[in-house]
Amino acid sequence: MTAEARPAAPPLTERQEARRRGILRAGARLAGRGGFEAVQMREVADAAGVALGTLYRYFPSKVHLLVAVMQDQLQHLRLALRRRPPTGDDAAQRVAETLMCAFRALQRDPMLADAMVRALTFADRGVSPEVDAVSRLTTAIVLDAMEVAEPTQEQLSVVRVIEHTWHSALITWLSGRESIAQVKRDIETVCELIARPAPPR
């Protein structure tokens, strides 16, 4: 069965959700200490207090796990941004502020950031649903900052370009090839696309 044809999993019980969250916390702690290579499934299981077989039922690989950790981090970020939304005067400024807020959160834990970005880079078709969930959540965060509830196709295209730029800037920063100041300039530059009029059809 392909990833696209995978049936939706039944909702987790309260106990299962608590176990899943414990696994996510354990994976994030290990990644934060030693990056991608430090996340070994047996060690994650031990740290989370679950059997290895149980861990694999929740997350078939460490790539699945780390992509899920990134989704969890983005969910927390979205909640935080809803409590304290960006204050820019226009949509471009608010989106740039939002993405720099996300960047600073990753900057505080660079080993975890590197592990999550590597997982997204290594993800194959088998991880497509999880990667798509991260992409949808990132899009939702950007649209929140734009204050757009029902985006047009042109707006969604701009959001995709912004997301690609942010992801690329994050990779180059993690590799030491780009400064934080340059990341900020790149993000502010690409966010200017928001204010541009849509091209004629």
* To do: Go through (1) 8, 32, 34, 20, 5, 1; (2) 9, 29, 29, 19, 10, 5, 0; (3) 8, 25, 28, 20, 11, 5, 2, 1, 0 and flag the label whose value is the computed P(r) over Cα pairs in 10 Å bins from 0, in percent for this structure.
  => (1)
* Asked: Across the chain, where is the longest run that never hits GluC sites (Glu not before Pro) in a DSSP loop with at most 15 other C-beta atoms within 10 Å?
  -> 5-146
* Asked: Per the 1.4 Å probe, what fraction of the accessible area of the chain, in percent, lies on carbon and sulfur atoms?
  -> 53
* Structure fact -> In nm, the gap between the two label points placed 7 Å beyond Cα toward Cβ at residue 42 and residue 161 is 5.0
* To do: Would you work out if the range 123-175 is rounded, prolate or oblate? Take a ≥ b ≥ c from the square roots of the eigenvalues of the alpha-carbon gyration tensor; rounded if a/c is under 1.5, else prolate when a/b is larger than b/c, oblate otherwise.
  => oblate
* Asked: Lys/Arg Cβ at +1, Asp/Glu Cβ at -1, dipole of the chain taken about the Cα centre: which of 194, 88, 120 is farthest positive-ward?
  -> 120
* **Cleavage-rule hits, trypsin sites (Lys or Arg not before Pro), the range 39-145, DSSP coil, Cβ neighbours within 10 Å at most 13** => 108
* **Vicinal HN-Hα couplings computed from phi for the range 63-68 (Karplus, 6.51 cos²θ - 1.76 cosθ + 1.60; Hz; Gly/Pro x)** => 5, 4, 4, 6, 5, 5
* Structure fact -> Here the FRET efficiency for residue 154 versus residue 133, based on Cβ atoms and R0 = 22 Å and rounded to 0.05, is 0.35
* Using the Cα centre as the reference, give the magnitude of the dipole from point charges on the C-beta atoms of the chain (Lys, Arg: +1; Asp, Glu: -1; all else neutral), rounded to the nearest 20 debye. => 600
* Structure fact -> Per residue, accessible area of the chain with a 1.4 Å probe, heavy atoms of protein chains only, in Å², comes to 58
* Asked: Contour minus end-to-end for residue 109 and residue 13, with contour as 0.36 nm per residue of separation and end-to-end as the Cα-Cα distance?
  -> 31.5 nm
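The values are calculated or read from the model by the stated rules, or taken from the named source; none is laboratory data. Computed from a predicted model, the values in this text were never measured in an experiment. A quick note on method: Cβ atoms are made from the backbone with ideal geometry, for glycine too, and the neighbour counts reach across all protein chains shown. To get the accessible areas, we keep the full protein, side chains included, count just its heavy atoms, and leave off ligands, DNA and RNA. Shrake-Rupley method; radii C 1.70, N 1.55, O 1.52, S 1.80 Å.
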